[in-house]
Amino acid sequence: MLTTSRNDRLPLVLLAITLALLIWSGVHPFEFKTWALEVFPAIFAIVIIGATHKRFPLTPLVLILIAIHCAILIVGGHYTYARVPVGLWAQEAFDLSRNHYDRMAHFVQGFVPAMIAREILIRRSPLRPGKWLFFLVASVCLAISAAYELLEWAVAEIDHAGSQDFLGTQGDVWDTQKDMALCGVGAVAAQFVLNSLHNKQLRARGWLAN
């Protein structure tokens, strides 16, 4: 278990790593407009956490998950999702039909926000761990996924020529539905896998009654 001093340093360490990765990704990205669109959620997260950290510090688990999610977005923005090298390697090694880096990213789009939503709801609402919390967390993640897909659609309507890398459909007419489904699976998986650890960290800080 992390000590108090390590917990105090953790946000700064994660911030430094994320900013270093963000700077790297902004150096000659494949397409600057796509890079800006893809990394904007990561920049938004950094600003929000920085502005609220003192009055609403997050558990180490959630902070680490957010940093991982930011890294995935930042790497995807640098290369574009269809061109991320690890995805291309997997595509060739396993004879896949496409680069699945974006599928993994949409799974994480449910996995990470699930823990963020869970923490906020436990600490700022009457909800406690149980079926209703589980359901509402999954619903929040699906709403976020739907909002993101609507954003992609809006970008495509505004910029027909330059939106393909941001959309990342790779020729799949069911890409939107699959992305949302993976987000839902991620939200459910996160709660099954991480709820116990999350509850432990919340209780250690007095944010959840025993």
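Some values worked out for this structure:
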item	result
Contact order relative to length of the chain, as percent, for alpha carbon pairs under 8 angstrom and 6 or more apart	23 percent
Viscosity 1.567 mPa s, temperature 4 °C, Stokes-Einstein D of the chain from Kirkwood C-alpha radius, µm²/s	71 µm²/s
28 Å Cα cut-off, lysine pairs counted over the chain (separation 8 or more, or different chains)	4
Dipole in debye (nearest 20) - segment 70-210, about Cα centre, beta carbon charges: Lys, Arg +1; Asp, Glu -1	1220 debye
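The numbers here are math on the coordinates, done by the rules we state, and not lab data. Note that this is a predicted model, so its numbers are computed, not measured. Positions of Cβ are generated from backbone atoms using ideal geometry, with glycine treated the same way; all protein chains shown enter the neighbour counts.
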